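The values are calculated or read from the model by the stated rules, or taken from the named source; none is laboratory data. Predicted model, so just to flag it, every value in this text is computed and none were measured. We place every Cβ from the backbone using ideal geometry, glycine too, and count neighbours over all the protein chains shown. Protein only, heavy atoms only, side chains kept; ligands, DNA and RNA dropped before computing areas. Shrake-Rupley method; radii C 1.70, N 1.55, O 1.52, S 1.80 Å.
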Amino acid sequence: MSEAMNAARLPRQVADAYVDAVVELDPITGTYLGVPESNGLLPDYSPAGQEATAELVRETLTRLTAAEALPGADRDEERRCARLLRERLTAELAVHEAGEGLRSVNNLGCPVHAVRGVFPMMPSETEEDWAVIARRMRAVPATLEGYRAALAEGLERGLPAGPRQVATLLEQLGEWIGEGTGGETAADGWFAAFAADGPDTLLAELDAAAAEATGAVRALRDWLRDVYAPGVEGAPETVGRERYARWARYWNGADLDLEEAYGYGWAEFHRILGEMRTEAAKIMPGVENPWEVLRRLDTEGQTVEGVDAVREWLQSLMDEAITELDGTHFELAEPVRRVESRIAPPGSAAAPYYTQPSLDFSRPGRTWLPVQGETSFPVYDLVTTWYHEGVPGHHLQLAQWTYVAERLSRYQTTIGMVSANAEGWALYAERLMDELGYLTDPERRLGYLDAQMMRSTRIIVDIGMHLGLEIPEHSPFHPGERWTPELAQEFFGQHSGRPASFVESELVRYLGLPGQAIGYKLGERAWLRGREAARAAHGDAFDAKSWHMAALSQGSLGLDDLEAELSAL
């Protein structure tokens, strides 16, 4: 245990010492936080490595109990940090003790994605930077072997991943190593392409390191295909109520009333459907189905042509939003005003995503667009998506957290993040831009409503299929039947403007990350309720700009606490 952990006293000190200890065990987290010493290393994903992390959690909870008894621990800033730390660590420990880390296979967030995803986050300006990249590439075989060992133990203990998760990951790994679906070699793979950008003086070393990393990915792919996939054949794709409740707590920071949330998803579905029909009629009068209008927009609506062009267009969209919102609806510090648009590496899941700046802002916040081989990009859904991923969505919240990290605690503003808080803010940000008049164009507003509908259908299908709930009589789709993954994919496809490949990727995501997708709408509801309660309390004196900045400077909160804290601002 580090000296910082042993010296910790008050809850915020315990929390930040925990961050330091996590970085020692998980160098990927260290890279995201901007810790240079982490950059040449990778975590131990083996069963022993997972248990070491769990033991750190147990020891931290013990230290937290002692810290909460000290004078000064009842101050608001200490109390909030302590509550978050206890809730997060307890949720993480419950997931670990249920053996979930021994079947961590999905299309978006399992260890192998973390390993590849960290390389674009690393400094790459100097020859020394690239030497460190080569060192980390050489660490890939050992860390993937630890991951394989964990999955093997999961098989032995009867803890299988879902077959769809395995099949999807196999496809992704094939793309990473440069093999087509028929096994043909199309290129040297992702690691080789990444290493090719290094300096000429290190190309031989980088090529060799990339070959080692690619070989490790190929070996994992072959083992998954030949051993693991047959071992999980016939395993359930859904997780059931007990596992779902555990994961819902982990992703949302709350013990949810799942039936109430399911009903809320349906209520939002019907409300948004009415708005979509109204907006669609402005574009194509007389067409009843708004998704028919969206399909027409894919080919006949406003588009951006070319991958480089869409990256530049998205950058300009965020730059414009910062210029127009700063000083009117937000007060942004200079480091927060910097955000970069990037294209996601091949083999990513279909959904765009955001990565937080390093603690010193030397690496800015970045949005990432998976192009999935496309070269023409309809504008109707990009605008609202980049309000979500960039500005005023994820970037404004997570960059502001980074900016106030020393005032709160590094834990509250980094690894203590509750998914539903952040995703709820980002969905609230889309709605805010609609409220502020940025989505008056019918195409863009229909795209915004389609995105809102997607988050509502996520609640319906995610809870519905994992719990096997009945489809209500008021549903326009298979009323009275019980949800299955097949029905969920059909329903989602019928009520989404996204292409079939995106819909399939999303369904695999919901099956592999149970309870995560519901946090968008449930989190947005908490943000909206908190704002309206604060507005009611202040009356005419309510200042939305001040409220936004105070809300964005609180750091992480679970849904159990978020609404109450927002109401009190």
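Assorted remarks:
- Residues of the stretch 508-536 that are open to solvent by less than 10 Å² (accessible area, probe 1.4 Å), within 20 Å of GLY447 (Cα to Cα), of a type outside the set (Asp, Glu) and not in a loop (DSSP other than H, G, I, E, B): LYS521 alone.
- Residue within the stretch 482-499 that is crowded, with 19+ Cβ neighbours inside 10 Å, of a type in the set (A, V, I, L, M, F, W, C) and free of Cβ contacts under 8 Å to residues at least 24 places away in the same chain present: yes
- Taken over the stretch 416-436, the residue count meeting the criterion of being under 27 Å from TYR32 (Cβ atoms), over 12 Å from the mean Cα position of the chain (by Cα) and not hydrophobic (A, V, I, L, M, F, W, C) is 3.
- Evaluation of GLU320 against the conditions (1) free of Cβ contacts under 8 Å to residues at least 40 places away in the same chain; (2) among the charged types (D, E, K, R); (3) in contact with a Lys or Arg (Cβ under 9 Å, 6 or more places away or on another chain); (4) under 20 Å from GLU430 (Cβ atoms) shows that the sole unmet condition is (3).
- Among the residues making up the stretch 399-420, those that are outside any helix (DSSP H, G or I), open to solvent by less than 10 Å² (accessible area, probe 1.4 Å) and under 16 Å from GLY365 (Cα atoms) are VAL404, ALA405.
- Candidates ARG458, ARG444 - the one that is among the basic types (Lys, Arg) and either part of a loop (DSSP other than H, G, I, E, B) or under 17 Å from ARG271 (Cβ atoms) (or both): ARG458
- In the stretch 170-180 there is no residue that is at positive phi, modelled with pLDDT of 95 or more and not charged (D, E, K, R).
- Candidate set: the stretch 313-329, residues that are surrounded by 13 or more Cβ atoms within 10 Å (Cβ to Cβ) and within 24 Å of the chain's Cα centre (by Cα); chosen: the one farthest from PRO357 (Cα to Cα): TRP313
- For the stretch 385-398, the set of residues classified as assigned to a loop (DSSP other than H, G, I, E, B) and either open to solvent by 10 Å² or more (accessible area, probe 1.4 Å) or among the aliphatic types (A, V, I, L, M) (or both) consists of VAL391 only.
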